[in-house]
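Asks: Dumping the structure here so I can ask a few things about it.
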Amino acid sequence: MELKRWFSTPIGIVNFGEMSRDLNTKLIETIDIEMDQKANRDQRSWANNSASTDKNLLPHKPFQMLDRVISLSLKNIMVGYGYNEEAVKYITIDYYWANRATRGGWSRPHYHGSGSTLWSGVYYPHGYEDPEQNLDDFNEDDWIFTGGSLPDDPGGFLCLQDTSFTTKGLITPGDKDIFKANRDFTTRKWVKPRQGLLVLFPCWQDHFVEPVSKDETRYSISFGARLSDAYRNK
């Protein structure tokens with residue numbers, strides 16, 4: 001688990017590794033059942049071969065199991081960034097939804113949450129890893145990219161972008177040889193979907209999904225976290 005700062009935005013990266021395999025199978029089964037229900041068909045499709053569940057998935061047992069590990073990870077990341085430890089105990093995730101996309105599917109730039117939402121994130125129950133790969137072996141450079149290292153085919157990648165990129169371009173010295181910036185001083189970061197990988201970010205973080213270019217289904221799970229009513233009452 002590691003707290004990062006991309007374009008001065010706190011970002012949490014958590015690799016759940018091999019321990020997540022069985023749970024991921026159950027999560028995908030739940031997502032497929034929810035999305036294949038005929039009653040949802042007219043409500044869930046968007047953005048060319050992409051779909052989102054229109055019901056809260058938290059009542060399902062696999063998502064309750066996922067919620068426990070995501071909530072713990074999120075609280076640790078928030079405390080590491082500087083949130084009050086006592087207040088973070090009251091952080092709650094009330095709603096989970098899932099996204100499923102096939103070739104051509106994508107999402108436009110957007111952010112998650114409104115009102116009392118503080119943080120959000122994306123979890124991958126399935127990714128573009130080799131089926132035989134040990135999920136505990138996580139080399140960040142193989143899964144997270146800047147523009148200079150982005151593969152030729154970023155289909156299905158999650159892109160987090162800095163909305164102040166125009167301003168940064170204006171203040172960057174013209175002579176690149178004298179500007180040795182930290183690798184995280186950039187305007188965009190791409191994440192390649194990987195089974196068991198969790199990406200956490202504040203609710204204001206703008207992001208989108210590149211059009212899927214593979215003949216396989218891309219699954220992702222999203223959520224929003226807020227301070228519970230118990231904290232406000234206190």
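Asks: Of all residues in the range 94-118, count the ones that are in contact with a helix residue (DSSP H, G or I) (Cβ under 6 Å, 6 or more places away or on another chain) and among the hydrophobic types (A, V, I, L, M, F, W, C).
Replies: 1
Asks: How many residues, within the range 62-77, are surrounded by 19 or more Cβ atoms within 10 Å (Cβ to Cβ) and out of contact with any helix residue (DSSP H, G or I) (no Cβ under 6 Å at 6 or more places or on another chain)?
Replies: Total meeting the criteria: 6.
Asks: Could you grab the pairs with beta carbons closer than 7 Å, sequence gap of 6+ or different chains, first residue in the range 82-106 and closer than 19 Å to Phe201 by Cβ, second one open to solvent by less than 40 Å² (accessible area, probe 1.4 Å) and among the aromatic types (Phe, Trp, Tyr)?
Replies: If the second residue must be open to solvent by less than 40 Å² (accessible area, probe 1.4 Å) and among the aromatic types (Phe, Trp, Tyr), the pairs left are Ile93/Phe223; Tyr95/Phe223; Tyr96/Phe63; Tyr96/Phe223; Ala98/Tyr219.
Asks: Now for a separate question. Scan the range 1-60 residue by residue and report those that are closer than 19 Å to Ser107 by Cα and modelled with pLDDT of 95 or more.
Replies: Residue satisfying the conditions is Ile31 alone.
Asks: Could you tell me which residue of the range 103-152 is surrounded by the fewest Cβ atoms within 10 Å (Cβ to Cβ), considering only residues that are of a type in the set (S, T, N, Q) and more than 18 Å from Ser222 (Cβ to Cβ)?
Replies: We begin by selecting, within the range 103-152, every residue of a type in the set (S, T, N, Q); these are 107, 114, 116-117, 120, 133-134, 139, 146, 149.
With more than 18 Å from Ser222 (Cβ to Cβ) added as a condition, the list becomes 133-134, 139, 146, 149.
Working: Gln133: 13, Asn134: 10, Asn139: 7, Thr146: 15, Ser149: 10.
Top of the filtered list is Asn139.
Asks: Filter the range 162-189 for residues that are open to solvent by less than 20 Å² (accessible area, probe 1.4 Å) and either aromatic (Phe, Trp, Tyr) or modelled with pLDDT of 90 or more (or both) and give the result.
Replies: Within the range 162-189, Lys189 is the sole residue that qualifies.
Asks: Next question, about the same structure. Which residues, taken from the range 136-158, are in a strand (DSSP E or B) and under 17 Å from Leu198 (Cβ atoms)? Before the answer, list the steps.
Replies: As a first pass, look at the range 136-158 and keep what is in a strand (DSSP E or B): 144-145, 158.
Answer for the range 136-158, where residues must be in a strand (DSSP E or B) and under 17 Å from Leu198 (Cβ atoms): Ile144, Leu158.
The values are calculated or read from the model by the stated rules, or taken from the named source; none is laboratory data. Since the structure is predicted, the reported quantities are computational estimates derived from the model, not experimental observations. So basically every Cβ, Gly included, is an ideal-geometry build from the backbone, and we count neighbours across all protein chains shown. We work out accessible area using only protein heavy atoms, side chains counted, and drop any ligands, DNA or RNA first. Shrake-Rupley method; radii C 1.70, N 1.55, O 1.52, S 1.80 Å.
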